[in-house]
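J.: Encoded as structure tokens, here's the structure I'll be asking about.
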Amino acid sequence: MKKTVICVLACAMLGIASCNKFEHQPEERILLGDVFDPTDKEGVQAKAYLFGIYSFLPNGFNRITGDMLDAATDDAVPSSETSDIRLFTNGQLTAVNYPDNNWQNSYTIIRRANVFLQNISVVPIPENMIRRYKAEARFLRAFAYFELLKRYGGIPIVGDNIFELSDDLNIPRSSYAECVDLIASECEAIKGDLPAASSALLTTTEYGRVTNEAALALKLRLYLYAASPLFNGGGVSVNPQIKLLNGYPDKDNGRWTRVLSTAEELIAKGYHKLPAGTGSIAYANIFTTKVNTDIIFAKQSANSTSLEANNAPVGYVAPAASNGRTSPTQNFVNAFPMDTGLPYVGLSTDLSQYENRDPRLKAILFYNGVRWLSRPIETFEGGLDKPNKPFLSQTKTAYYLRKFLGDFTNATTYANQSHNFPYFRYAEVLLSYAEALNEVGRTEDAVKQITLIRARAGIKPGNNSRYGISEGIAQTAMRDLIKNERRIELAFEEHRFWDIRRWKDAGDIKNSLKGLVLHKSGASVTAIEQMLTPFHFETKYYHMPIPYSETSKNRALIQNEGYY
């Protein structure tokens, strides 16, 4: 391509009628034969193609036009008044105004995986390597299907087909049950061809690739969602045809047993565990240490200061301006128990509320007075981190997001830091296991899983070593406790948005979101609780709208109920 352009320009400049040599096709164009080359004994190009599929996996950090998905839940609001994330909470979500359009990206993964699977066998690399590569591609394809399923319900299954523009692309949606069965069967089929985490993580070059445990973690989350109220016979759709697309039409509590068996299989592998140490620092280190036993599968990213720039309080310039995009709510703060594990029952306006709390609070949130870049944060009115300047995006709640950021408490500038977004963690496995145990009536067994997480968090065991969980706790109370534990432990990892939907709890949020307004007089700071912009939720929002760009092209696609 480049040579052709240069030749044409030379002809024009010199007044020559023609040049001697033109390309018949762009020389830089990479063909399938170049990637899947029968003479490439090392499989270099094929491996690069496979790794390229990984790059299409979603990046959870500030990915919705610069905001965290959790800013569309009761855990946070966007600091900016113009953020597209507000479409989820202001009643304006439509098939056109839809800021989390994952459809095209997921089907790109599926198509590229199919191309890889169809062609990899011609590359003269060892058969065991081909089996592993194929298993990785099939995992990525299954993961893409799950990302679609949790948003839209049943979606078109294309099998191993690689469609061309001349093909009939009017492919209908498969039922929810068919999609669950497909994804689960893929995870089961490939797990034996994937290395165990204990072997795959021996070298840093292997880290980030799919392991046997990652396949089980995907299957576990799939079954967890499928057993949950929204999908397990509790669908909100009225149209019988759409109801089959959005979940199982019948409730079957036995679906929780699939969660149990998958969790137990993963736990029995033995490699993944909660890392050693307790308290705020141990929790924070999970997200800034590239290789640790809690992370099962994560998005690989180069070290950077991007998260600090996006989320740290706005009064810092280190070296570029911090944007403070995420404003956690007082509702989220109130969710943290005391360090005894008992619920917090104090006043939201009591600024001593942050002491003697669950240590994870200080690892997840910035609040007024916390030290950062060698000075205290000021989120009072007119403070350095809430200056109230025109057109400045700043906290709406007196809080900022600290989770995932490096420890720059006593630094003077940011330095490049590991920021790998976690897709699956061992802590999630324990939480999912606990949820399933409780739902089948094994509440005391569920307690044991939660105490593991609370112990690592730094909660005090108490005289009975139950970490604040009452003796003989009832199933209903334990269900609420597990939900709250997920809210804290998995905060801002893109779980809360989907959890409040699968539990059918999103409609209960309504107009309850709160923040603080702080005023400083001399050395004294006082707080006033303030209601935030109302959280608008409609029943149809339990499922996402299939993008209009897709329903207009594929006439066989049935749109989810309530969208046009």
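All of the numbers you see were taken from the coordinates with simple rules; none came from a lab. Since this is a predicted model, take the numbers as computed values, not measurements. Ideal geometry is used to build each Cβ from the backbone, glycine not excepted, and the neighbour counts take in all protein chains shown.
J.: Would you calculate the separation in nanometres between label points at Leu392 and Ser352, each defined as 7 Å from the Cα along the Cα-to-beta-carbon direction?
T.: It is 3.2 nm.
J.: Between Ala556 and Ser304, what FRET efficiency comes out of the Förster formula 1/(1 + (r/R0)^6) with R0 = 45 Å and r the beta carbon distance, rounded to 0.05? Mind showing how you got there, number by number?
T.: On the way: r = 43 Å, r/R0 = 0.95.
After rounding, the FRET efficiency stands at 0.60.
J.: Using the Cα atoms of segment 114-257 to build a convex hull, what is its mean projected area in square nanometres?
T.: Values: hull surface 42.4 nm².
Taking the Cα atoms of segment 114-257, their convex hull projects to 10.6 nm² on average.
J.: Once R0 is set to 60 Å, what does the formula 1/(1 + (r/R0)^6) return for the Cβ-Cβ distance between Lys510 and Thr257, expressed as a FRET efficiency to the nearest 0.05?
T.: It comes out at approximately 0.95.
J.: The chain: percent of C-alpha pairs farther apart than 34 Å? Don't skip to the answer; put the middle values down first.
T.: Working: 70517 of 158766 pairs.
Above the 34 Å cut-off, the chain has 44 percent of its Cα pairs.
J.: Computed FRET efficiency, Cβ-Cβ of Gln530 and Thr289, R0 51 Å: what is it to the nearest 0.05?
T.: Working: r = 37 Å, r/R0 = 0.72.
So the FRET efficiency works out to roughly 0.85.
J.: Excluding same-chain residues fewer than 8 positions from Lys483, which lysines have a Cα within less than 16 Å of its Cα?
T.: Lys448, Lys504
J.: What per residue convex hull volume, in Å³, comes out for segment 451-564 when only alpha-carbon positions are used? Walk me through the intermediate numbers first.
T.: Details: hull volume 23.7 nm³, N = 114.
About 208 Å³ per residue, rounded to a whole number.
J.: Subtracting the Cα-Cα distance from 0.36 nm times the residue separation, let me have the gained length for Asn161 to Ile281 in nm, one decimal.
T.: Values: separation 120, 0.36 × 120 = 43.20 nm, distance 4.81 nm.
Gain in length upon complete extension: 38.4 nm.
J.: Looking at segment 50-151, which GluC sites (Glu not before Pro) are in a loop (DSSP not H, G, I, E or B) and have at most 14 other Cβ atoms within 10 Å?
T.: Numbers: sites: Glu81, Glu127, Glu136, Glu147; in loops: Glu81.
When the GluC sites (Glu not before Pro) of segment 50-151 are filtered for loop state and at most 14 Cβ neighbours within 10 Å, Glu81 remain.
J.: What is the gain in length, in nm to one decimal, between Asp480 and Asn464 on full extension, counting 0.36 nm per residue of separation less the C-alpha to C-alpha distance? Spell out each step's value before the answer.
T.: Working: separation 16, 0.36 × 16 = 5.76 nm, distance 2.10 nm.
Taking Asp480 through Asn464 to full extension adds about 3.7 nm, to one decimal.
J.: List the pair-distance distribution P(r) of segment 346-472, using every Cα-Cα distance, as the percent of pairs falling in each 10 Å bin from 0 up to the bin containing the longest distance, rounded to whole percents.
T.: Going out from 0 Å in 10 Å bins, segment 346-472 shows 10, 28, 30, 22, 9, 1 percent.
J.: Can you tell me how much longer the chain between Glu264 and Asp407 gets when fully stretched, taken as 0.36 nm per residue apart minus their C-alpha distance, in nm with one decimal? Numbers along the way, then the final one.
T.: Values: separation 143, 0.36 × 143 = 51.48 nm, distance 3.49 nm.
Contour length minus the Cα-Cα distance gives 48.0 nm.
J.: Name the residue from Phe146, Ser418, Thr262 whose Cα lies farthest towards the positive end of the charge dipole of the chain, charges +1 on Cβ of Lys and Arg and -1 on Cβ of Asp and Glu.
T.: Highest projection toward the positive end goes to Ser418.
J.: Another one. Quick check on segment 290-343: what does the Kirkwood estimate of hydrodynamic radius come out to from the alpha carbon pairs, in Å? Each step should come with its number before you reach the end.
T.: Numbers: mean 1/r = 0.0695 Å⁻¹.
For segment 290-343, the Kirkwood estimate is 14.4 Å.
J.: How much mean residue ellipticity at 222 nm does the chain get from its helices, if each DSSP H run of length 4 or more adds -39500 (n - 2.57) and you divide by all residues, to the nearest 500 deg cm²/dmol?
T.: Estimated from H runs of four or more residues: -11000 deg cm²/dmol.
J.: Moving to a separate point now. Taking the C-alpha atoms of segment 240-374, how large are the radius of gyration and the largest Cα-Cα span, Dmax, in Å?
T.: Looking at segment 240-374, its Cα Rg and Dmax stand at 20.4, 60 Å.
J.: Moving on. Any chance you could check the Cα centroid distance between segment 135-152 and segment 484-526 for me, in angstrom?
T.: The two parts, judged by their Cα centres, are 29 Å apart.
J.: Check Phe297: other-chain or 5+ apart residues with amide H under 5 Å from its amide H, H built from backbone geometry?
T.: Under 5 Å from the amide H of Phe297: Tyr423, Phe424.
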